[in-house]
Amino acid sequence: MAVFDIDGTLTDTTALDDRCYVAALHELFGLPGEPAAYDWATCRDVSDSGALVEVLRDRRGQGPTPAERTAFERRFLSLLRLEIEADPDVARAIRGARELLAELAASPDWIVALATGGFEASARLKLGAADLEPPGVLVASDRLPSRVDIVRDAIARASSCAFAGIVAIGDGVWDAKTAGELGLPFVGVGAGAHAEELTRLGARAVVTDFGDPIASERLLRETALAAA
Ligand SMILES: [Mg+2]
C-alpha cells in the first residue's frame, strides 16, 4: 500500500495553498495576509482544519465557531478556484506523479490511498486541476485535524484488501514525523537541505519527483517490503 500526501508530493500546490489559506485568514479574521507570517511546522496539527483552530486560538484567544469554519472553507475554496481559473498552471502535477499513480493503479500489488492535511473539497479541486485521478481512498482533514489520525484512517479504509507492506510518501517535515509516529517507512519528496532534513527525520529515501515512474514504483515497493 502506498499512502501519499498531496500538496508538494503529487501536486505542486504548496505555495498556491498557503497563499489562498492566509488570504482567507486575512479577509475573514483580519490576520496577516502574508504566508511568511506563519510557521506551520510549529502547529501541533499541520492540517487545514487543525491550523485554523490553532492560529485563531493563538491570535485571538478562541477557535472558530462552526459558522466561521464553514465561511473560511468556502472562501478558501473560492480563492483557490479563482487562481486556478486565472492560471491553470498554478496547480501542476509533480513530474511523473500522474504516470506513477497510473502504474500503481494498474498493478494488482498496490493499493493507493491519499492522506491529506487539506480539506477534501480543496484536495479534489487541486487534483482535478493537475489532471490526477484520485484513488478510491482519500482522507482529508475535514473531521480529523491530526495528521496521524488522517494517515491511520486512510490505511484502515484501504486495508480491506490484502497487502504486503505500507509506504508513506510526502514532502512535509510533518509527513515524515507522522510516518515516524505510526512506524511507517517513509519516502520523502524534496531537494537540497530540505531533502537532508527529511532524511534526518527518518526518510528511507528522498526523491525530487517521480520523473521515472518505473524506478519510483520499484523504490516504493522495496521500501514497503523492506519494512513489512
Ligand atoms: Mg505536503
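Bear in mind these aren't lab numbers, they're just calculated from the coordinates by the rules spelled out. Everything numeric in this text was worked out from a predicted model, so none of it was measured. In this analysis, Cβ positions are derived from the backbone assuming ideal geometry, glycine residues included, and neighbour counts consider all displayed protein chains.
Can you tell me the 0 to 90 degree angle between the C-alpha axis of helix 120-129 and the longest principal axis of the chain, rounded to 10? Approximately 70 degrees, to the nearest ten. When each of the peptides 120-126, 183-189 is scored by how many other beta carbons lie within 10 Å of its residues on average, the order from highest to lowest is 183-189, 120-126. Neighbours of A154 by Cβ distance under 14 Å: Lys/Arg scored +1, Asp/Glu scored -1, total -2. You can think of it this way: the chain between A121 and A106 has 2.8 nm of extra reach, that is 0.36 nm per residue less the Cα-Cα gap.
For the chain, the mean residue ellipticity at 222 nm estimated from helices alone is -16000 deg cm²/dmol, where every DSSP H run of n ≥ 4 contributes -39500 (n - 2.57) and the total is divided by all residues, rounded to the nearest 500.
Rounding to the nearest 10 and keeping the result within 0 to 90°, find how far the Cα-based axis of helix 66-86 lies from the longest principal axis of the chain. The angle comes out near 70 degrees.
For the chain, a Kirkwood radius taken over Cα pairs fed into Stokes-Einstein (20 °C, viscosity 1.002 mPa s) yields D = 121 µm²/s. Each peptide in 130-141, 56-67 was scored by the mean count of other Cβ atoms within 10 Å over its residues; highest first, the order is 130-141, 56-67. With the chain treated as a Gaussian network of Cα nodes joined by springs under 10 Å, which of G30, G128, G172 yields the largest mean-square fluctuation? Result for the chain, Cα springs under 10 Å: G30 fluctuates most.
Each eigenvalue of the Cα gyration tensor of the range 91-137, multiplied by 5 and square-rooted, gives one semi-axis; in descending order these are 19, 13, 8 Å.
The calculated Kirkwood hydrodynamic radius for the range 64-151 is 14.4 Å, given to one decimal from all distinct C-alpha pairs.
Model label points for Q62 and L225, set 7 angstrom from Cα along the Cα-to-Cβ axis, are 5.7 nm apart.
Between A215 and R143, the FRET efficiency from the beta-carbon distance, with R0 = 45 Å, is close to 0.80.
If Rh is defined by the Kirkwood formula over all Cα pairs and Rg also comes from Cα, what ratio Rg/Rh do you get for the range 14-89? Radius of gyration over Kirkwood radius for the range 14-89 works out to 0.96.
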